[in-house]
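The block underneath contains the structure these notes are about, expressed in structure tokens.
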Amino acid sequence: MKNFALIGASGYIAPRHMKAIKDTGNTLVAALDPYDGIGVMDSYFPQASFFTEFERFDRFVDKWRRDSGNKIDYVSICSPNYLHDSHIRFALRSGADAISEKPLVLNPWNIDQLKVIEKETGKKIHNVLQLRLHPTLIALKEKIGAELKNNPDKVYDIDLTYLTSRGKWYFVSWKGDESKSGGIASNIGVHFFDMLSWIFGAVTENIVHIKTADTNAGYLKLKHANVRWFLSVNHDHIPDAVKNKGLSTYRSITVNGEDIEFSGGFTDLHTKSYEAILKGDGFGLDDAYGSITTVSAIRNLDPVGLKGDYHPFCK
Ligand code: NAD
């Protein structure tokens, strides 16, 4: 049984990590979050020590490290995006592997820095890239891989649309602050960019058409795909047919006009991620490099406006 610590334990995504730790037969010994509304711990690890101050958490983790046979094996990181690299360094310096939420970091040069500390400590950094474990997307990768074997120059046309409406709170929280979340493409798009490159190859061209606080849209040329993408947290973009069903999220990927239906199958992906990591089959720094480079570039590119091949939702 492995011992885990959890940073950012009171937030939205942390219970999926608690569940994954439990589902894989391991235990959570310590958790950190400056916010103490963490009653959800009772459903998973009521015995875990909880800290609202980093310094007290650090003292606890250090003690475990020094009590032989009692060390923290993994630190799971669910804090705001801009803090991940610092929390990862804490994990590795504490003798643990790190399991970080997406986006692993905000910029590719942060990955270069993390490579140094991985080498120094001999500990590993794992990234949750859960779409790579989604059964529909694994099947799509196999299908495209087989087609490319027969036709190595084939290029697909893809439209990616992800609308997930968020209220005013989003722009007051760290998620609406580009310096903390990386902006819309980094915060809600990174999974999709990772998945598309994983299936269709590396990015060769990156154009941004729209970049506002609540909506990003653009065009990516991949080795085997031309992708028009549109990401938004603005409720106004949700199609009426979706709104009329009382839904506030719309996710669609079409490949050469064919819809890839993958709205289900999300519930256990964190547990699957943990199973893979524990087997030595997780995703590391090199796996994250491509999508982090893409979203970092999107953040820094000037939008060109509605020119060229833009997504049909752009207005
Ligand atoms: P959240 O704001 O609900 O939770 C973040 C938590 O971190 C908060 O409880 C906050 O108090 C805490 N925190 C802030 N500063 C901290 C610090 N210095 N030390 C320790 N904790 C600190 O956000 P969330 O939606 O749970 O997102 C957390 C992470 O998970 C983000 O990186 C986000 O991108 C990622 N995420 C991943 C998925 C996914 O599908 N894999 C979904 C949502 C969020």
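The values are calculated or read from the model by the stated rules, or taken from the named source; none is laboratory data. These figures come from a predicted structure and were not determined experimentally. Here Cβ is always computed from backbone atoms with ideal geometry, including for glycine, and neighbour counts include all displayed protein chains. Heads up: the accessible areas ignore ligands, DNA and RNA and are worked out on the full protein's heavy atoms, side chains in. Shrake-Rupley method; radii C 1.70, N 1.55, O 1.52, S 1.80 Å.
Annotations for the structure displayed:
- Within region 184-225, restricting attention to residues that are polar (S, T, N, Q) and under 21 Å from LYS307 (Cβ atoms), the residue that is nearest to the ligand (Cβ to nearest atom) is ASN216.
- Region 8-23 residues that are over 18 Å from GLU275 (Cβ atoms), paired with ones that are of a type in the set (Phe, Trp, Tyr) and within 9 Å of the ligand (Cβ to nearest atom) (beta carbon under 7 Å, 6 or more apart): SER10/TYR35
- Restricting attention to region 110-134, the residues that are at pLDDT below 95 and either at positive phi or more than 16 Å from the ligand (Cβ to nearest atom) (or both) add up to 0.
- Selection of region 271-315 for residues being touching a His at 6+ places or on another chain (Cβ under 6 Å) and open to solvent by less than 60 Å² (accessible area, probe 1.4 Å) yields ILE277, GLY282, CYS314.
So that you can scan it fast, the table gives a plain yes or no per residue for (1) acidic (Asp, Glu); (2) in contact (Cβ under 8 Å) with a residue 40 or more places away in the chain; (3) over 29 Å from ASP153 (Cβ atoms):
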| residue | (1), (2), (3) |
| --- | --- |
| THR215 | no, no, yes |
| ILE260 | no, yes, no |
| PHE266 | no, yes, yes |
| GLY284 | no, yes, yes |
| ALA297 | no, yes, no |
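- Hey, ILE88 in contact with a Ser or Thr (Cβ under 8 Å, 6 or more places away or on another chain), within 9 Å of the ligand (Cβ to nearest atom) and in contact (Cβ under 8 Å) with a residue 12 or more places away in the chain or not: no
- From the list LYS63, LYS19, the lone residue that is open to solvent by 60 Å² or more (accessible area, probe 1.4 Å), closer than 26 Å to LEU129 by Cβ, assigned to a helix (DSSP H, G or I) and more than 9 Å from the ligand (Cβ to nearest atom) is LYS19.
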